[in-house]
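Beneath this line is the structure, given in structure tokens, with notes to follow.
Computed from the coordinates by the stated procedures, all read-outs in this text should not be read as laboratory data. Just so it is clear, the structure is predicted and the values come from calculations on it, not from any experiment. Backbone-built Cβ (ideal geometry, glycine too); neighbour counts: all protein chains shown.
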């Protein structure tokens, strides 16, 4: 149990376009989903916390208008990188929690490359 | 401000021996700690966790020890296997309410290499 999927696993796009990444909890209902990004050889940095049916809470320094998060159901959250630029190229990972708040289960990640 | 620190960027161990990964934290509000294993280009995999009301939690080859007074936790892997080679992250969570609820703060990670 506790399987989280992400789609796509990798994406290459042109600068200025928008990219949507999906995060799904496959075998449980996720009360909360989190979005992280990881730069090479660095730790995971939390971008935002997403609760079903409410607005996401963004970490300091993360542009909410650039990284749009929608949590439409208890099994799906989406991250849209709007007007992507090369500096947005990174590894984006989502996680989900059950009613037990503490253990987060991670998706496999999405490699975004902006040309 | 790095609230969770893994001071050893890498660790090399012989197969069959014990691997000890260390993690220190500064925020006394942290009350739940987790260890994750991560391969390149993959998401972290949950290994084991411990609540601040305990000082030890064991699951198969993995044991996590928590020393609250020293704000230190460690992950012991016995016996180590080549398949354990990966990056290990410790993470901490606080029971504070509001926007801190459920958030994890990660350490920088330690690369474990287990040699056959």
- Message: Rg/Rh for segment B:13-67 to two decimals, with Rh computed the Kirkwood way over all alpha-carbon pairs.
- Response: 0.99
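Given Cα pairs under 8 Å that are at least 6 residues apart, what percent is the relative contact order of chain B?
Across chain B, relative contact order equals 36 percent.
Just the ratio, please: alpha-carbon radius of gyration of chain A over 2.2 N^0.38 Å, N its number of residues. Walk me through the numbers on the way to the answer.
Working: Rg = 13.2 Å, N = 115, 2.2 N^0.38 = 13.4 Å.
Cα-based Rg divided by the globular estimate yields 0.99.
If you take the Cα Rg of segment A:20-85 and divide it by 2.2 N^0.38 Å, with N the number of residues, what do you get? All intermediate terms of the calculation are to be shown ahead of the outcome.
On the way: Rg = 12.0 Å, N = 66, 2.2 N^0.38 = 10.8 Å.
Compactness ratio reported: 1.11.
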- segment A:26-41-segment A:45-110 distance, computed between alpha-carbon centres (Å): 7 Å
- Query: Percent antiparallel among DSSP beta bridges with both residues in the protein assembly as shown, to the nearest 5?
  - Reply: 90 percent
- Message: Per-residue Cβ counts within 10 Å, from other chains only, averaged over B:31-39: what number is that?
- Response: 2
- Message: Contact order normalised by length for segment A:24-115, with contacts defined as Cα pairs under 8 Å and 6 or more residues apart; what percent is it?
- Response: 30 percent
- Note on the structure: Over all viewing directions the Cα convex hull of the protein assembly as shown casts an average projected area in nm² of 12.5 nm²
- Taking Rh as the Kirkwood radius computed over C-alpha pairs, what is the Stokes-Einstein D of chain B at 20 °C in a medium of viscosity 1.002 mPa s, expressed in µm² per second? 150 µm²/s
- Query: Name the residues of segment B:44-62 whose amide N is less than 16 Å from a point 7 angstrom out from the Cα of residue A:2 along the C-beta direction?
  - Reply: B:44-52, B:57-62
- Message: Which log10 I(q)/I(0) values does segment B:1-43 give at q = 0.17, 0.19 Å⁻¹ under the Debye formula, counting every alpha carbon as one identical point scatterer?
- Response: -0.69, -0.83
- A correct fewest-to-most ranking of A:47, A:33, B:29 by other Cβ atoms within 10 Å would be B:29, A:47, A:33
- Message: If you take each beta carbon of peptide A:40-52 and count the beta carbons of other chains within 10 angstrom, what is the mean?
- Response: 3
